[in-house]
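Below is one structure; the comments refer to it alone.
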Amino acid sequence: MWGKRLNFRVWIRGAALTRRFLAETTPSLALRERAAHQPSLPMFAINTSALFGQLLVGLINGSFYALLSLGLAVIFGLLNIINFAHGALFMMGAFCAYFLLNLAGVGYWGALVLTPVIVGAFGIFLERTMLHRLANLDHLYGLLLTFGLALIIQGLFQNYFGSSGLPYAIPPELTGAQNLGFMFLPNYRAWVVVLSAIVCFATWFAIEKTSLGALLRAATENPALVRAFGVNVPRMITLAYGFGVGLAGLAGVLAAPINQVRPLMGADLIIVVFAVVVIGGMGSILGSIVTGFALGVIEGLTKYIYPEASNTVVFVVMALVLMVKPAGLFGRAS
Amino acid sequence: MSEAALLNVKNLEAWYGESHILHGVDFSVRKGEVATLLGRNGAGKTTTLKSIMGMVAKRRGSVIYEGVETIGLSSDRIARLGIAICPEERGIFASLDVRENLLLPPKIKSGGLAIESILDLFPNLRERMSSQGTKLSGGEQQMLAIARILRTGATLLMLDEPTEGLAPVIIEQIGLTIKKLKESGFTILLVEQNFRFASTVADRYFVMEHGKIIDTFANSELSANMEKLHAYLGV
């Protein structure tokens, strides 16, 4: 997929260079060439397999954005903490899958179940020992603490494993690809998109449509009152942090066979994820899911149309959204 | 104090941050009565309710409910002993619909009212079950805030200014409801600024000033104390 994108870029650039060269040396020839070829200039020819390939890459990235920003939304809602350690915990998910395979012989499917639990338990440990002390303080303290935690965790992993990636194989059941006629769809990537969508929908359903979810939403609004109704809110907050972090761990396992398992894999992703959270609206569950998938696709489309902008398009969208809706697309103005 | 005291508050002190709000509050609530805390703004009425509920960070003294000392307990533990609060700002959750708001407080004991009898008490809520909580009128929100603490099995209901900002006809309805709740065996601790309303439902009055109870009398002694009361409340 990436190779295809690069070739496409080289091709466009090559064509442009050739045209400029011709224009500078033989103007008349250039004019003739432009007249003859304008209708079929490469920019206007739709290369469907490249387009759908980029859309698929976008959907995959969108799956990770959605899973990560969903966890951030749950955590921000209940803890009022902007969890900068989320990227590091995502990375720990990928490493956890790697260790489970190489140290304990637990394969992909086992890791898919165990990793969210293990990473979630680590999150609960962080919440109990550190984060809960910041409960009534300004956002800034939580941000600084989790940012520091992220640097420490990433630093430790870099120290022991270097910056280059460790391989993690696609499980044999999910190797291969489907020929859809207009493109090849690798089975593993389809699985990532489908599983992420299911997990996101299930989380949305649990929070918006069940009585447990009603308790969570109420505790987001007024934790003191929910507690005065007899609910152990601090325990609920701890579990919610564990759950949000568990989602990051799950995303890490899903990412392991696609990206390599690298200490900085989360740091690269998390900046975009925070843009997603801001666009969707801080703390909005639906907002984080929809925006996550949508921005992945927008990024993919940009890679097809104008690759140079693909790294910035998310932030351009963020700036535009904030100008029109400062609370984000799905956020409530406070 | 009385033998049948359900709630016994002794020398209760409370702080918000650095400010000392309650300076030794003493009173008790008997089982099955409607007790009312009266007093001007800032006298410490709401803080007294919040301190009993454990919702104030720093408090000292003694609050005994059904023989259990609650001063060191967290508010969720206190709630599970059978105390429920209807806060002054009503605390209707905006992201929940009426049904979710109504069903939110978990059952803590048997003996709470069934949903049907709650809706008989508050027929307005029946048609609004799937409305968003904050789309209700002020009166409906107040009814919902009272309604949702009736099914949990709590026996002591603390109502903080349930008539504030409401139309007279709705105040009358809330008064009738409080009488019905008393008949069904609930004990009610009411905070009121609206003395005329309180006099229609209360059995006993506790007058607060500067974070202390400064006077106590029963409803039967009301006319004898009217002049004093006017001075206390400035009405």
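The values are calculated or read from the model by the stated rules, or taken from the named source; none is laboratory data. A quick note: this is a predicted structure, and the numbers were derived from the prediction, not measured. Cβ placement follows ideal geometry from the backbone for every residue including glycine, while neighbour counts extend to all protein chains displayed.
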Some residue of the stretch B:16-35 being within 14 Å of chain A (Cβ to nearest Cβ) and of a type outside the set (Ser, Thr, Tyr): yes
Residue list for the stretch A:206-221, filter: free of Cβ contacts under 8 Å to residues at least 60 places away in the same chain and farther than 16 Å from B:Asp97 by Cβ: A:Ala206
Among residues of the stretch B:49-77, those that are under 14 Å from A:Arg227 (Cα atoms), in contact with a Gly (Cβ under 7 Å, 6 or more places away or on another chain) and not small (Gly, Ala, Ser), counted: 2
From A:Gly148, A:Gly105, A:Gly142, residue being surrounded by 15 or more Cβ atoms within 10 Å (Cβ to Cβ) and small (Gly, Ala, Ser): A:Gly142
Options B:Gly153, B:Gly165, B:Gly139: the member that is more than 19 Å from A:Thr220 (Cβ to Cβ), small (Gly, Ala, Ser), away from every other protein chain (no Cβ under 14 Å) and part of a loop (DSSP other than H, G, I, E, B): B:Gly165
Some residue of the stretch A:227-244 being farther than 26 Å from B:Lys109 by Cα, in a loop (DSSP other than H, G, I, E, B), in contact (Cβ under 8 Å) with a residue 60 or more places away in the chain and away from chain B (no Cβ under 14 Å): no
Which numbered condition B:Arg128 misses (of (1) more than 14 Å from chain A (Cβ to nearest Cβ); (2) under 18 Å from B:Gly82 (Cβ atoms); (3) outside any helix (DSSP H, G or I)): (2)
Hits in the stretch B:69-94 - residues which are surrounded by fewer than 16 Cβ atoms within 10 Å (Cβ to Cβ), at pLDDT below 95 and more than 10 Å from chain A (Cβ to nearest Cβ): B:Gly72
Unmet requirement for A:Glu308, which otherwise passes all of (1) within 14 Å of chain B (Cβ to nearest Cβ); (2) surrounded by fewer than 20 Cβ atoms within 10 Å (Cβ to Cβ); (3) without any contact (Cβ under 8 Å) to a residue 60 or more places away in the chain: (1)
Qualifying residue in the stretch B:60-68 (condition: farther than 30 Å from B:Ser131 by Cβ and within 9 Å of chain A (Cβ to nearest Cβ)): no
Per-region count, the stretch A:136-192, residues more than 23 Å from A:Met91 (Cα to Cα) and hydrophobic (A, V, I, L, M, F, W, C): 8
